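In what follows, a single structure is set out as structure tokens and then discussed.
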Amino acid sequence: MGARKRIAADKRKEANKVRFFAKLNNCPTSPMKMRLVADIVRGQDVNKALDILTHMGKEAAGRLYKLVRSAADNFEQKSGLKADESELFIKTIFVDGGASLKRIQPAPQGRAYRKRKRSNHVTVELETRNESIKAQVLSKIETNSNENE
């Protein structure tokens, strides 16, 4: 790896230390169906979003529930604080299209229709509303990075 790439990678790693996010790649649900669920919980508090996802009847809601829980657990792991007491909310959530599996479905008169089985990538980023908790988390992360050096 060249020097510029290494420096850029190090900057990216430092920036990710203060972000609390989780990613779900290659989820076998169409992006449109996942976006319907993601739009409902965007901007909500984490506990409220988890309640909404628990009682929603869509298959995508179960996958998104696990992803939001994972992001909250990442917050607890990085900061050492409880997610319930930290006033976490879903800062950003976006759904990107993934790879499509192309399949053939027989059609009348010897023809064939193409079926696209779509997948998606979901990214959830959490943030806290409380400024004092933000400062506390940043100081804890800085002390951890200083100890590792």
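Coordinate-derived values only; no laboratory data. None of these values were measured; they are calculated from a predicted model. Reconstructed Cβ throughout: ideal geometry from the backbone, glycine too, with neighbour counts over all protein chains shown.
Applying the criterion of being touching a Lys or Arg at 6+ places or on another chain (Cβ under 8 Å), touching a residue at least 60 places away in the same chain (Cβ under 8 Å) and assigned to a strand (DSSP E or B) to the residues of the range 89-123, the residue that is farthest from Phe75 (Cα to Cα) is Lys117.
If we keep just the residues of the range 1-37 that are hydrophobic (A, V, I, L, M, F, W, C) and in a loop (DSSP other than H, G, I, E, B), which is farthest from Leu67 (Cα to Cα)?
Here the residue is Met1.
Conditions tested, residue by residue: (1) within 27 Å of Ile133 (Cβ to Cβ); (2) crowded, with 19+ Cβ neighbours inside 10 Å.
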{"residue": "Gly2", "(1), (2)": "no, no"}
{"residue": "Lys11", "(1), (2)": "yes, no"}
{"residue": "Asn16", "(1), (2)": "yes, no"}
{"residue": "Cys27", "(1), (2)": "no, yes"}
{"residue": "Lys33", "(1), (2)": "no, no"}
{"residue": "Val37", "(1), (2)": "no, yes"}
{"residue": "Gly43", "(1), (2)": "yes, no"}
{"residue": "Asn74", "(1), (2)": "yes, no"}
{"residue": "Ser86", "(1), (2)": "yes, yes"}
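Conditions tested, residue by residue: (1) within 16 Å of Asn26 (Cβ to Cβ); (2) of a type in the set (Ser, Thr, Tyr).
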{"site": "Leu67", "(1), (2)": "yes, no"}
{"site": "Lys82", "(1), (2)": "no, no"}
{"site": "Ser86", "(1), (2)": "no, yes"}
{"site": "Val95", "(1), (2)": "yes, no"}
{"site": "Leu101", "(1), (2)": "yes, no"}
{"site": "Lys117", "(1), (2)": "yes, no"}
{"site": "Lys134", "(1), (2)": "no, no"}
{"site": "Lys140", "(1), (2)": "no, no"}
{"site": "Thr143", "(1), (2)": "no, yes"}
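Being of a type in the set (S, T, N, Q) and part of a strand (DSSP E or B) is the filter here, so list the residues in the range 124-149 that pass it.
Within the range 124-149, the subset of a type in the set (S, T, N, Q) is 128, 130, 132, 136, 139, 143-146, 148.
Answer for the range 124-149, where residues must be of a type in the set (S, T, N, Q) and part of a strand (DSSP E or B): just Thr128.
The residues listed here are Ser70, Ser100, Ser79; of these, the one that is small (Gly, Ala, Ser) and in contact with a helix residue (DSSP H, G or I) (Cβ under 8 Å, 6 or more places away or on another chain) is Ser79. The residue of the range 53-67 that is farthest from Ile133 (Cα to Cα), among those that are buried (at least 17 other Cβ atoms within 10 Å of the Cβ) and in contact with a helix residue (DSSP H, G or I) (Cβ under 6 Å, 6 or more places away or on another chain), is Ala60.
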